[in-house]
1. Only residues that are part of a loop (DSSP other than H, G, I, E, B), surrounded by fewer than 18 Cβ atoms within 10 Å (Cβ to Cβ) and of a type in the set (A, V, I, L, M, F, W, C): list them for region 4-52, please.
2. Mind checking which residues of region 137-181 are modelled with pLDDT of 95 or more, assigned to a helix (DSSP H, G or I) and over 23 Å from E201 (Cβ atoms)?
3. Residue pairs, Cβ under 6 Å, 6 or more apart or interchain, first in region 224-238 and touching a residue at least 60 places away in the same chain (Cβ under 8 Å) and within 17 Å of I195 (Cβ to Cβ), second of a type outside the set (S, T, N, Q) and surrounded by 12 or more Cβ atoms within 10 Å (Cβ to Cβ). List them.
4. Going by the conditions given, is A154 surrounded by fewer than 18 Cβ atoms within 10 Å (Cβ to Cβ), in contact (Cβ under 8 Å) with a residue 60 or more places away in the chain and more than 19 Å from the chain's Cα centre (by Cα)?
5. Which ones in region 29-72 are modelled with pLDDT of 90 or more, β-branched (V, I, T) and either more than 22 Å from N14 (Cα to Cα) or out of contact with any strand residue (DSSP E or B) (no Cβ under 7 Å at 6 or more places or on another chain) (or both)?
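The values are calculated or read from the model by the stated rules, or taken from the named source; none is laboratory data. Being a predicted model, the structure only gives us computed values, none of them experimental. Here the Cβ positions follow ideal geometry from the backbone for every residue, glycine too, while neighbour counts run over all protein chains shown.
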Amino acid sequence: MIRKIVRIDEEKCNGCGLCVPACAEGAITIVDGKARLAADNLCDGLGACLGDCPQDAISIIEREADAFDETAVEERLKETKPAENPHAAAHHGGCPGSRIMQFESAPAPASDAAPKQSRLGQWPVQLALVPPTAPYFQNADLLITADCVPFAYAGYHDEFLAGKAVVIGCPKLDDIRFYREKLTEIFRSSSIRSITVLRMEVPCCSGIVMAAREALASCGKDIPFREVNISIRGEIKE
């Protein structure tokens, strides 16, 4: 039958995996670092996954496809329940951001080294919790941080956080559309002097950069914008 169904452009897809949890039917999976339809009969063609793709790689087309099968969806969801197979993504080519790795950490500093001081100057910091009109955003240099960055980059407090207002979030686990709307409110209601986005090198982290750029475009302001990419081993890749 001819019907509406999801199409994934593999050239645009970067394998971030944001579309996978966005599909309530479990129709999308990651294979060899690319999003793929697991089966035509699992896709309802409604496109709930479209807004979660930072690469604009997903569209709805009409083509010959098996009919949507709710029974097949139920079976698929039973097979892919995270509680039953919590490590499935890590062992089956899932998002690089959730791939298991282990490496040697840097040696501890000398015992006589002065203890580091926190450079945090506000609370809360979670993007979901900060009020858009919080006073610490006024005339501020804003640091938008993917929440893995402070764990990976040892100099985060002194080199980036000092003297800045900060918001943090996880573009893989949270709603990118919410990020975009919240950041737009912050940019519109505050006199932000500059924006620095700190992200990890993994593909799924591109979502936080996309949300910040789109929010800046929506608010119509010309604010200096800087993106800094941090490697998993804690190096700046800018």
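1. Scanning region 4-52 gives A24, A39, L46, A48.
2. F137
3. Filtered contacts from region 224-238: V228/L198; I230/V149; I230/A152; I230/Y153; I230/M200.
4. Working: surrounded by fewer than 18 Cβ atoms within 10 Å (Cβ to Cβ): yes; in contact (Cβ under 8 Å) with a residue 60 or more places away in the chain: yes; more than 19 Å from the chain's Cα centre (by Cα): yes.
It is true that A154 is surrounded by fewer than 18 Cβ atoms within 10 Å (Cβ to Cβ), in contact (Cβ under 8 Å) with a residue 60 or more places away in the chain and more than 19 Å from the chain's Cα centre (by Cα).
5. T71 - this is the single residue of region 29-72 that is modelled with pLDDT of 90 or more, β-branched (V, I, T) and either more than 22 Å from N14 (Cα to Cα) or out of contact with any strand residue (DSSP E or B) (no Cβ under 7 Å at 6 or more places or on another chain) (or both).
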